[in-house]
Amino acid sequence: MKRFEKPILVTRPYLPPLEDFKRGCEEIWSNQWLTNNGPMLQRFQKELSQYLGVSETNLALFNNGTLALELGYYAMGLSGGAVITTPFTFVATSHALVRIGAKPVFADIDPETMCLSPAAAEKMITPRTKAIVPVHVYGNVCDVEGFERLSEKYGVKIIYDAAHAFGVKRRFEKFERFEGFEKFKDGVRSIGCCGDMSMFSFHPTKLFHSCEGGLLVFKDAEVQEKLFELRNFAIHGELSCTDVGSNAKMNELQALMGLECLKKIDELLEYRQKIYDAYAEGFVDCADVTLVPHSQNKAYVPVLFKDYETRERVYTELKEKCNVFSRRYFYPLLTDFAPYVYGKGSCPMAEDLASRVLTLPTYYGLPLEDVKVIAGCILEIMA
Ligand code: T4K
């Protein structure tokens, strides 16, 4: 079995040409402006608005996705309420709820998309429920029409954790309520147009990044003023403070990195698809490795094995014998972690899938030849 000389990590961030980044730094140096709503941030906001086809009044940038979620939840009035969400996600989805005084209530996932199931979520709705937070996990699109129906029926807010879903677009036949979102030529819209709010993470482990960063897009343009206030301590000039805000401002170097990466976004997405295809080819004759096919942006390459033991063996031997560092995103489930154990045992589908899933290396620049070798190593380990 091949052992790679250098470790192959589950992901590596795309880095723009250093010369281009330096040119941007020269501009920052001459502005002598590093954060607090600077010109780079404003440019990044404008370009994101064009890329996503959403009006600039319906988005807000933050210094990371977790604080974006936290302040987004707070601005949507979720404090003190119960919020239905998935245990099959990164801890940030729920941590941000707890930090604003909301109670996460866990419901099971759909086995196809691995996202929160609207039917399971509906069963958990009570008069205390203020919102539902589905996650487009791995870039797989949730049953957005199903959640729209729940929102209409029960009057609950729908806030998507779209941390993994940057670049995902879709045709939406059933609802057109987000008027701030433009339809692109081919009739598709950004996934961010669903629900009341969506959060995209720009962490370097994501296919698109700004060193660290987070973006909220929202239906109601009036929320923007509240979010701008909250990300800057909720102070207004020197004499007034109106709420308990935070410091969640994106700085100029982050915005520059985001602008440089945005230039490359189409290529980044195309390359991820090529990697996915190379894995698919590698596993074509093996019924015991199932590639999860639903992600449009191929932000991750999750595969399912037949049982926990096989997954663990592949994970360990890839690392020890091949120098390949896959990850078990998202195992353990949130309901296995101390703050959320009250939900343990309530989501059997999520438990099963978390025990069998492994996410394989994918990033811009990972040679397709290496992908074929990794697939071959997995088959050998399983043989
Ligand atoms: N909601 C969801 C559904 C999320 O998945 C996340 C974050 C959030 C919300 C919160 O968004 P942010 O606040 O992060 O914007 C990582 C990330 O830290 C985290 O952003 C991400 N989800 C989560 C799924 O994964 P770790 O602990 O696995 O990362 P780490 O440091 O082990 O890095 C993974 C691999 O990437 C390593 O093999 C090394 C490589 N790497 C990493 C960094 C940071 C690099 O090569 N270069 C780098 O700069 O959590």
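Throughout, read-outs are computed from the coordinates displayed, never taken from laboratory work. The shown structure was predicted, so the numbers you read here are calculated from the model rather than taken from an experiment. Virtual Cβ from ideal backbone geometry, glycine too; neighbours counted across all protein chains shown.
Structure notes:
- Max-minus-min Cα coordinates of segment 58-198 on each principal axis give 42, 34, 26 Å, with the largest extent listed first.
- From phi via Karplus (6.51, -1.76, 1.60), per-residue ³J(HN,Hα) for segment 301-313 in Hz, x at Gly/Pro: 10, x, 10, 10, 9, 6, 8, 4, 4, 4, 4, 5, 5
- Shape of segment 248-383, Cα gyration tensor, a/c cut at 1.5: oblate
- For segment 40-166, size of Cβ-based charge dipole, Lys and Arg +1, Asp and Glu -1, in debye: 500
- Rounded to the nearest 20, the Cβ-based charge dipole of the chain about its Cα centre (Lys and Arg +1, Asp and Glu -1) stands at 320 debye.
- Three-way shape call for segment 177-310 based on the alpha-carbon gyration tensor, with the a/c threshold at 1.5: prolate
- Antiparallel content of DSSP bridges confined to segment 50-145, in %, to 5: 10
- Positive-end residue, the chain charge dipole about Cα centroid, Cβ charges, pick of 37, 330, 233: 330
- Look at the Cα gyration tensor of segment 1-129: its axes a ≥ b ≥ c give a/c of at least 1.5 with a/b at or below b/c, and that counts as oblate.
- Whole-Å semi-axes of the ellipsoid equivalent to the chain (Cα gyration tensor, √5λ, descending): 33, 27, 19
- Pairs of Lys residues in segment 259-383, spaced 8 or more positions apart or belonging to different chains, with C-alpha separations under 19 angstrom: 8 in total.
- Debye equation applied to the C-alpha atoms of segment 183-253, log10 I(q)/I(0) at 0.15, 0.20, 0.28 Å⁻¹: -0.67, -0.99, -1.20
- Residues 113, 89 in ascending order of nearby Cβ atoms (within 10 Å, fewest first): 113, 89.
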